[in-house]
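Peer 1: Mind having a look at this structure? Questions to follow.
The values are calculated or read from the model by the stated rules, or taken from the named source; none is laboratory data. Bear in mind the structure is a predicted one, so any value in this text is a computation, not a measurement. With ideal geometry, Cβ positions are generated from the backbone for all residues, glycine too; neighbour counts draw on all protein chains shown. Ligands, DNA and RNA are stripped out before the accessible areas are found, and what is left, the full protein with its side chains, is counted by its heavy atoms. Shrake-Rupley method; radii C 1.70, N 1.55, O 1.52, S 1.80 Å.
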Amino acid sequence: MSSNGWAYASADDGEDDLLMSIDLASEQVVLSDFEFRTRSNLYIHPSGNSIYSFSTIYSPRHLNKYDISNGPAKFLYEWQYHGEFPSDLNKMYIPESGEKAILPGGYVISLSDSEETDMQQVGMISNPGIYSLDCTGDVGKILITSLSFGGYFRPGFYVYDYHTYDLIESEPISKFLVKTGQESGMVEYPDYVYAYANQQGDKVYLIDKYCHNGHTQFAVEVMDID
C-alpha cells in the first residue's frame, strides 16, 4: 500500500500474470499492460514514486521497476543481472534514504531515477546470513541480525558502516528463559531476532522470538552501539 492512495498486489496462481493496481477510494482495479511474474515480492520506494518487484519462484531471479507516480503501475525496466547472483535471492531491504538496497547474501545495489545507475551493485556486506536489517543512514550504520554467529548456529547482532560496509562491532545474542509450564522453564536461544535502532543510532532494540510446542514467547533486549 502506498501513500498515493493506491494499493498494489502480486497474483499467486503459479503463472505469469498482471500486476494489480487498486484505487482505494473508488475500489477500481487496474491491470497492468505488461507481463508480470507472479509470486513476486513488492517493495515501494520511500519516495512513493516507484515499486520494485523481486521474483521468488523463477531462476535466475528478476528485479523489475515500475512507476506509480500517477497511480496505476507502469513498467519501466528490469535489472541487468541474469544468473550472476545466487538463485535464492528474493528479498530486498530499502533504507529510508532510498539511495540503496541490501539483498540477502550481503549484496548492496544502488537505487536511483536513472536506468543507467539504478539497481547496480555498488558494494558487499560480509554477512551472508542476514535475517533482519535496519539502517540509520543519518548516523551511518547498518544493523543486521543473523541466525549464526562465530561459525555456530546461534543468533548474533552486527553493526556495519553505512558507507564503506566495514564491520564496526558484533555481539552474540543472549539466551533467555522460556516458560514451559506454570513453574517450569528452560534457557534457550531465540528462534528469530529482529533489530530496530533508535533515532540517534546509539541503541538497538532486539525483539527475540521463541516458538515451543505451539506457543510463542517474546523478549526484548536493549544494547548500546558505538
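Peer 1: Using a Förster distance of 45 angstrom, determine the FRET efficiency expected from the C-beta separation of Ser112 and Asp224, and round it to 0.05.
Peer 2: Efficiency at R0 = 45 Å is approximately 0.85.
Peer 1: Pulled fully out, how much extra length does the chain show between His62 and Ala7, if you take 0.36 nm times their separation in residues and subtract their Cα-Cα distance?
Peer 2: Taking His62 through Ala7 to full extension adds about 17.6 nm, to one decimal.
Peer 1: I've got another one for you. On a straight-distance basis, which lysines could pair with Lys203 in a cross-link, Cα separation under 18 angstrom, same-chain partners fewer than 8 positions away excluded?
Peer 2: Those lysines meeting the cut-off are Lys141.
Peer 1: What ranking of Met223, Met124 comes out by heavy-atom accessible area, probe 1.4 Å, highest first?
Peer 2: The residues order as Met124, Met223, largest area first.
Peer 1: Would you tally the net charge around Ile94, using a Cβ to Cβ cut-off of less than 15 Å, leaving Ile94 out, and scoring K and R as +1, D and E as -1?
Peer 2: Net local charge, Ile94 excluded: -2.
Peer 1: Take the cross-link list Lys65/Lys209; Lys74/Lys100; Lys91/Lys175 and give me the ones stretching past 31 Å between alpha-carbons.
Peer 2: Correct reply: Lys65/Lys209.
Peer 1: Along the Cα→Cβ direction, 7 angstrom out, place labels at Ser69 and Leu31. What is the inter-label distance in nm?
Peer 2: Label at Ser69, label at Leu31, 2.8 nm between them.
Peer 1: Ranked by accessible surface with a 1.4 Å probe, highest first, in what order do Tyr152, Tyr81, Tyr131 come?
Peer 2: Sorted by accessible area, descending: Tyr152, Tyr131, Tyr81.
Peer 1: Starting from the 7 Å offset along Cα-to-Cβ, what nm value, one decimal, do you get for the label separation of Arg154 and Tyr194?
Peer 2: Between Arg154 and Tyr194, the simple spin-label model gives 2.5 nm.
Peer 1: Could you tell me the accessible area of Ile142 in Å² (1.4 Å probe, neighbours in place), rounded to the nearest ten?
Peer 2: It works out to around 0 Å².
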